[in-house]
Amino acid sequence: MSMEERVTELESRLTFQDDTIQALNDVLVAQQRELERLQLQVEALAKRQEEAGGQFEVAEDETPPPHY
């Protein structure tokens, strides 16, 4: 294999690797955005759960209904 062929092959591989790295980076950025969105949703749900927690508490001294 001549030096020119080897250089051409290496340039081709480098171009392919650059494209692959860019594609992986794009996927990583999309996943990070999705992760941040999901974290915000979990925080909002946790806050709603805390706010709603007091509404459904059962009194300790309350006797169970007769069918128990």
Handout entry: Note, ³J(HN,Hα) from phi for region 22-34, Karplus 6.51, -1.76, 1.60, rounded to Hz, x at Gly and Pro
Key = 5, 5, 5, 5, 4, 5, 4, 5, 4, 5, 5, 4, 5
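Report the extension gain between MET1 and THR20 in nm, rounded to one decimal, defined as 0.36 nm multiplied by the number of residues separating them, less their alpha carbon distance. Spell out each step's value before the answer.
Numbers: separation 19, 0.36 × 19 = 6.84 nm, distance 2.63 nm.
The MET1-THR20 span can extend by a further 4.2 nm.
Full extension from GLU62 to THR8: what is 0.36 nm times the residue separation minus their Cα-Cα distance, to one decimal in nm? It would help to have the intermediate numbers written out before the result.
Values: separation 54, 0.36 × 54 = 19.44 nm, distance 8.28 nm.
Gain on stretching GLU62 to THR8: 11.2 nm.
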Exercise for the section: Starting from the Cα coordinates of the chain, work out the convex hull volume and express it per residue in Å³. Expected result: 148
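Read-outs throughout are calculated quantities, based only on the coordinates presented, and are distinct from any laboratory measurement. This is a predicted model, so every value here is computed, not measured.
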